[in-house]
Amino acid sequence: MTPRSVIIDTDTGIDDFFAIVQALRSPELDVATLTTVGGNVPLRYATRNALRAVEYAGRIEISVIPGAARPLRGRFHYAPYYHGPGGLPAPMPRPKVYRVLRDAVDFLHLRATGIRARKVPFTLIALGPATNVARLFRRLGETKGRNSLERVVIMGGAVDVSGNVTPFAEFNTWNDPEAAAEVFAGDIPVTLVPLDVCNQVRVSRSDFAGAEPTARRLGVAWLKRHPGRQLGLADCVAIAAVADPGAFRFERIPLEVDTSLGPERGRTNRSGSGNTIEVAVEIDADRVLRAIRERAFAPPPPGDPLQGSPSPGKARSRPSAAIQS
Ligand code: BDR
Ligand code: CA
């Protein structure tokens, strides 16, 4: 089996962190690079947490490239209340190795259109607001059909279920509805992994029983901050949809994003006039949860270096958006 070449775009909060580790330990995926976007936390914290994730997984050769600090319109609404002040619920070591390049969209554009790179098709998995993806689509305008970006897989939207940040909207789509709308309307194939399936994968303390100590510390810290709740792992579900699509049923659905400034802003609506998108509509939640426990939580195979001693990382945060899960 040849692993699928992927780039992960992340606004690294707690579920993104586990999703990156899961992806790096998925033999079906070849993760070359991470790009970052504001969303759960300001861009610089998202980048720092992405570096932490690659170091934690012992994959320091992977570059992390910052992208958009703002959505296409206005400002991001951060969620420190949900993820922790710097995007993680417990202190983690400061990253030691910085391989931060300049601009995510410049890099993605070159990866998609460069003569040598074009020979290797890749999938872009977006775990945060779709801002970088929309900016990339604008740049690709002239090269559509002649580039190596074969698919974009987006964690976002709430098709037939309630939103998690407003009654109608899911956090990523709500944080940059204009970007999601542009990406849905584009001509590069999109697969949406919405709350409809993500809501079915949540973990509690017992799921961290056999976990590697740092993974358990992060998970338990989040559960202590949110008594009586389970931790949702939406971004891990999006990784599973690429690594193990057989655990899902997909349907093609015409979808539009509400870009009004009204109460339904960010809602993903079934609409006859919208572009038809592939949407994950059913999930084998036990199978996906098993993979997450084995790949994101469990101790790594022998010889795979893991980080040790946590040191406190200070992080200030902007006003929060309360995510319900
Ligand atoms: C999504 O929003 C973020 O809080 C999570 O990281 C996930 O990408 C869930 O709605
Ligand atoms: Ca995310």
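Laid out as a table, the results:
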| read-out | value |
| --- | --- |
| Point-charge dipole on Cβ atoms (K/R +1, D/E -1) for the chain, about Cα centre, debye to 20 | 1180 |
| Dipole magnitude of the stretch 46-186, debye to nearest 20 (Cβ charges: Lys/Arg +1, Asp/Glu -1, about Cα centre) | 660 |
| For the stretch 113-155: relative contact order, % (alpha-carbon pairs under 8 angstrom, 6 or more apart) | 65 |
| Selection of trypsin sites (Lys or Arg not before Pro), the stretch 130-189, meeting DSSP coil and at most 15 other Cβ within 10 Å | Lys144, Arg146 |
| Qualifying GluC sites (Glu not before Pro) in the stretch 1-64, DSSP loop, other Cβ atoms within 10 Å at most 11 | Glu61 |
| DSSP H segments from the chain that extend 24 Å or more along their own axis, Cα-based, with Kyte-Doolittle mean of 0.5 or above | none |
| Normalised contact order of the stretch 1-86, rounded percent, pairs of Cα under 8 Å and 6 or more residues apart | 32 |
| Cα-based shape type of the stretch 47-195, given that a ≥ b ≥ c are square roots of the gyration tensor eigenvalues and the cut on a/c is 1.5 | oblate |
| Cα gyration tensor, the stretch 60-114 - rounded (a/c under 1.5), prolate or oblate | oblate |
| Of Ile7, Pro213, Ile154, farthest towards positive along the dipole that unit charges on Lys, Arg, Asp, Glu beta carbons give the chain | Pro213 |
| Antiparallel DSSP beta bridges within the chain, percent to nearest 5 | 30 |
| Residue of Asn269, Asn40, Asn172 that the Gaussian network model of the chain assigns the largest fluctuation, springs spanning Cα pairs under 10 Å | Asn269 |
| Directionally averaged projected area (convex hull, Cα atoms, the chain), nm² | 15.4 |
| For the stretch 129-243: rounded, prolate or oblate by the Cα gyration tensor [a/c cutoff 1.5] | prolate |
| Most fluctuating residue given options His77, His109, His226, as computed from a GNM of the chain linking Cα atoms under 10 Å | His226 |
| Per DSSP, loop GluC sites (Glu not before Pro) in the stretch 256-305 with at most 12 further Cβ within 10 Å | none |
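Each value in this text was obtained by applying a stated rule to the coordinates, not by laboratory testing. None of the values given here were measured: they were computed from a predicted structure. Here Cβ is always computed from backbone atoms with ideal geometry, including for glycine, and neighbour counts include all displayed protein chains.
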